[in-house]
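The values are calculated or read from the model by the stated rules, or taken from the named source; none is laboratory data. These numbers were taken from a predicted model, which means no experiment stands behind them. Heads up, the Cβs are rebuilt from the backbone with ideal geometry, glycines too, and the neighbour counts pull from every protein chain shown. Accessible surface is based on the protein model in full, side chains and every heavy atom, while ligands, DNA and RNA are left aside. Shrake-Rupley method; radii C 1.70, N 1.55, O 1.52, S 1.80 Å.
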Amino acid sequence: MAQAQKDFSPIMSEPPDHLAFDGLWSLFLDVDGTLLDIAATPEAVVVPAELPGVLVRLGDALGGALALVSGRPIGELDRLFAPMILPAAGEHGAEFRRAAGEPVEAATPPASLAPLRRRLAMAVEAVAGARLEVKRTGLVVHYRQAPGAGRRLRRLVDEAVADHGAEVVVQPGKMVVEIKRAAVSKGRAVATFMRRAPFAQRQPLFVGDDAADREAFAAARAAGGAGAAVGPEHADAADWTFESPAAVRAWLARLAERREEEP
């Protein structure tokens with residue numbers, strides 16, 4: 001497999017449009033903050049009406065080698081983008097759908113999830129504006145509505161997780177602190193996809209915006225591909241950057257249109 005060109009430093013520039021099709025690239029997309037603008041709550045995100053169609057057309061152009069890789073559960077991704085169904089990794093890879101139409105493979109919830117939920121529920125509820133989201137295999141403390149409480153909440157989470165060995169880890173994000181299985185990550189999700197057709201033998205490009213996406217940038221590079229960060233915060237770990245989710249959506253639309261116009 002040809003290796004991606006890496007004779008440049010991370011720059012504030014989008015990936016060239018031709019990369020999606022030159023050298024048989026595969027495409028991995030984070031959702032919140034990458035495809036979709038971040039909202040006050042996870043439920044308040046807006047999916048532009050044209051986006052699912054763009055992703056379906058682009059996925060077809062890539063021979064099916066397009067997947068969503070998100071902290072959200074796959075069920076939420078399906079509801080957001082309905083009726084579109086794509087290969088997906090949810091909850092950082094604790095849930096996995098290798099291809100559209102295949103069943104979702106789900107990891108067993110960690111034994112520490114229930115006691116962690118009990119310990120954190122009242123503590124988080126006591127912080128005005130904060131909330132605890134319970135996923136199948138993890139927990140997320142949201143504090144976008146309580147920005148001044150970030151350090152306090154992170155300390156509460158760190159103290160709670162310290163009692164549960166190496167089964168779970170803390171994953172910080174944009175106005176969130178997440179507890180997830182130690183054995184899963186977006187980087188491992190990308191590596192898993194790359195072991196199976198139609199992703200295998202292609203060069204992966206991962207697009208993401210948050211700290212959890214840094215491992216995915218590294219996994220894409222290790223497989224001969226590259227990473228693109230949304231915004232400057234994690235550009236040091238990527239090869240290119242997008243200014244905003246709107247810029248990512250515009251790029252994807254150009255790719256789909258370009259492919260459809262080619263003979």
Rounded to the nearest 20 debye, dipole of the chain from Cβ charges on Lys, Arg, Asp, Glu: 880 debye
Sequence-distant residues sharing a close amide H with residue 173 (under 5 Å, placed H): 178
Listed residues 13, 84, 110: farthest to the positive end of the dipole of the chain (Cβ charges): 110
Net dipole in debye of the range 81-145 [+1 Lys, Arg Cβ; -1 Asp, Glu Cβ; about Cα centre; nearest 20]: 220 debye
Highest-fluctuation residue, 130, 191, 166 considered, GNM on the chain with Cα pairs under 10 Å: 166
Percent carbon-and-sulfur accessible area, the chain, ignoring ligands, DNA and RNA, probe 1.4 Å: 54 percent
Whether the range 209-260 is rounded, prolate or oblate, judged on the alpha carbon gyration tensor where a/c under 1.5 counts as rounded: oblate
Förster radius 35 Å - calculated FRET efficiency between residue 243 and residue 41 (Cβ-Cβ, nearest 0.05): 0.90
Nitroxide proxy distance, nm - points 7 Å out along Cα→Cβ at residue 49 and residue 79: 2.3 nm
Contour minus Cα-Cα distance for residue 118 and residue 188 (0.36 nm per residue): 22.3 nm
Dipole magnitude (debye, nearest 20) for the range 165-263, charges at Cβ of Lys, Arg, Asp, Glu: 460 debye
The chain: relative contact order in percent, alpha carbon pairs under 8 Å with at least 6 residues between: 25 percent
Mean accessible surface per residue for the chain, computed with a 1.4 Å probe while every protein chain stays in place, in Å²: 44 Å²
Additional length obtainable on full extension of the chain from residue 108 to residue 151, 0.36 nm per residue less Cα span: 12.5 nm
